[in-house]
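Input: a single structure, listed below in structure tokens.
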């Protein structure tokens, strides 16, 4: 029996800049132990206990049935956090790496990305932090590039993927898709003390 399986995962990716920062380190994108975490359960239904003596011959049916379940494992780091001190204007970039272990075809969608808006602090000055982003997808084993959005304004990240594609099948990814999300913030003198935040979403659909 072949079953139609579908899995989905929704990842929340926060970009936080406080008058703010320390950066979160990304994973190294290694192959990881999850690449071989298969579990096998064996059972047999078709027991036979029959006398074929009179017939003189026997014909029995021996089926081999394998029911493979879907899997979608997600590992990595999601948030980017900075504490910004000192004076003047500064720019910095950090990259988060997310590994998607899968046996279906993946479709990705990004939503709710934008410039981090001030959530607390002084009411004067610029009320958001300039944020740009870049999404890159790789075959984790070979590092072959499967997708590259280039660096774009944060709000444009919401349209780099669509519900129809691009799609990433296991032949392209080798079963492990590595997604790098790079975020670049520009903090000016007009960004006053306070916390700035944006919560983006990556939705992963496996079919």
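Structural remarks
- Label-point separation in nm, residue 62 to residue 190, each point 7 Å along Cα→Cβ: 7.9
- Estimated FRET transfer efficiency when R0 is 45 angstrom, pair residue 167-residue 126 (beta carbons, to 0.05): 0.70
- Gain in span if fully extended, residue 49 to residue 159, counting 0.36 nm per residue against the direct Cα distance: 33.3 nm
- In this calculation the C-beta distance from residue 117 to residue 142 is compared with R0 = 41 Å, giving a FRET efficiency of 0.55.
Every number in this text was worked out from the coordinates using simple rules, so none of it is lab data. All of these numbers come straight from a predicted model, not from anything done at the bench. All Cβ positions, even for glycine, are placed from backbone atoms using ideal geometry, and neighbour counts span all protein chains on display.
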